[in-house]
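Taking it in order: structure first as structure tokens, then the write-up.
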Amino acid sequence: MADPGYIVDGVLTDGEAWVALGSTTISGTSTTSVTFTSADDGSSTDWSQFMDLCFVCTASAIYAPDSYLSLRYKINSATSNYYSVVMEGDEGGATGADENYAELGMLVSSDPVSYQGVTVAWFFDINSAKNKTILTQNGLNRGGSDESHVMLAGRQYTQPEPISSLYFYEGNSFSFQAGSRFDLWGILPRMVA
């Protein structure tokens, strides 16, 4: 098989270590989940070549005003084997907690539709034969000076198999608001001579 375009003479060229794997922008009012899956075909989007994955979303969900909702995930369709240590805060103070479910962050409800939560998640060593470590950052504001919320978490998927699919959804199965966007990048290992 020929080298992909981002490898020149067997060396990864700087500036192309991030490979766009997919992007979804919600256009209607009935989408309740977004899934990214490895091509598993040896192509430039086959996840078996990547060291890490980076997920970024700006989203809100359709529900009652003044509600905070949950952005959750599944790795390889697994419904268990997740663990997290979470620090979060708002105008009322800060807290820390242990969690045993797969939450990436919080979403704002869709009223008004112009407010969205922002989440960045790093999935590390996705092809290693060890538990998978995830670092998440999340922030949102519902428009008022006292309605901000931030979250930072260290998470772990306690299974050794490679990550081959990621499924994102709101914790109560509410639909994502139109305009919500989900992006995934693969991070290649840097090869140096």
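The values are calculated or read from the model by the stated rules, or taken from the named source; none is laboratory data. In this text, all values refer to a predicted model and were calculated from it rather than measured experimentally. In this analysis, Cβ positions are derived from the backbone assuming ideal geometry, glycine residues included, and neighbour counts consider all displayed protein chains.
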| message | Condition first: at pLDDT below 95, of a type in the set (S, T, Y) and over 15 Å from G186 (Cβ atoms). Now tell me which residues in the range 33-60 satisfy that. | response | T58, S60
| message | Take the residues in the range 162-185 that are surrounded by fewer than 17 Cβ atoms within 10 Å (Cβ to Cβ) and among the small types (G, A, S); name whichever of them is farthest from S109 (Cα to Cα). | response | S165
| message | I'd like the full set of residues that are crowded, with 20+ Cβ neighbours inside 10 Å, polar (S, T, N, Q) and either under 21 Å from D52 (Cα atoms) or at pLDDT 90 or above (or both), limited to the range 80-135. | response | T119
| remark: Filtering the range 136-161 for residues that are buried (at least 19 other Cβ atoms within 10 Å of the Cβ) and assigned to a strand (DSSP E or B) leaves a count of 8
| task | Give, as residue ranges, the strands (runs of 3 or more DSSP E) completely inside the range 18-79 that count at least 1 residues that are free of Cβ contacts under 8 Å to residues at least 60 places away in the same chain and surrounded by fewer than 17 Cβ atoms within 10 Å (Cβ to Cβ). | result | none
